[in-house]
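Read-outs: derived from the displayed coordinates by stated rules, not from any lab. Model, not experiment: these values are computed from the prediction. Neighbour counts are summed over all protein chains in view; Cβ atoms, including those assigned to glycine, are modelled from backbone coordinates with ideal geometry.
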C-alpha cells in the first residue's frame, strides 16, 4: 500500500512517502495542505492540550443537556456515554481490521502526542464525539449547546490531525459515522 523512504524528517516536512492508495494520497495531500504536524511551539502545545482534554468540556455540555430535562436527563447522559463507549469499541475493531497507519507512523511528522502506533482509521475520538453529539442532538433544546458540542468536536478533530495522530479523513469519517449511529440511538430513546 505504501513504502516510506528512510532518510529522516526534514524541518519543512517528513520523509518522502510513496503511496499507492488514492485514499491515502488524498489524506497525505490534505495533511500537508493544512500544515499539520508542524507549527509554532505555542500552537502545538494548544493542539496537544485540545487533543488530550477536550472530553472535559464535552462532558460539561452533556451534563447541561441532561439538566434541561430533569426527569430523564441523568439517564440520557448515562445512556449517551455508554453508547459512545460501544461505538468506540466497534471503531477500534474496525481500525485493527483496516490497519490504516497514522501520519507519524508514516514519517510525515513527529509523534506529538506520544501516541501508540496502532491503526488510526477511523478516529476513536471522532467516533465518540460524533456519537455523543448524535445521542444528545434530538434532546437538546438550546442552540448554544448544539454550537458548543459542534465547536468541541471540530476543535478536537483539528487538534488530532494537527498533532499527527490522524489524517483528516480519519476524523471526518469517524465524526460522521459516530454522529449517524448516535443520532439513530438518540431518536430511539423513549424520552
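Taking each residue as 0.36 nm, the span from residue 86 to residue 41 lengthens on full extension beyond its C-alpha to C-alpha distance by 12.6 nm.
Of the residues 20, 110, 159, the one that moves most in a GNM of the chain with alpha-carbon contacts below 10 Å is 20.
The simple Förster model, with R0 at 22 Å and r as the Cβ-Cβ distance, assigns residue 184 and residue 74 a FRET efficiency of 0.50. A simple spin-label model places the labels of residue 151 and residue 116 3.4 nm from each other, with each point 7 Å out along Cα-to-Cβ. Highest mean first, the peptides 97-105, 170-178 sorted by other C-beta atoms within 10 Å per residue fall in the order 170-178, 97-105.
Helix-only arithmetic for the chain: the sum of -39500 (n - 2.57) across DSSP H runs with n ≥ 4, divided by the residue total, places the mean residue ellipticity at 222 nm at -20500 deg cm²/dmol. Against the longest alpha carbon principal axis of the chain, how many degrees, from 0 to 90 and to the nearest 10, is the axis of helix 143-162 turned? Result, in degrees: 20.
Quick check: Cα centre of the stretch 27-75 to Cα centre of the stretch 126-191, how many Å? Centre-to-centre (Cα) distance: 10 Å. Once P(r) over Cα pairs in 10 Å bins from 0, in percent is calculated for the structure shown, the corresponding label among (1) 9, 37, 36, 17, 2, 0; (2) 9, 34, 30, 14, 8, 4, 1; (3) 10, 36, 30, 17, 6, 1, 0 turns out to be (3).
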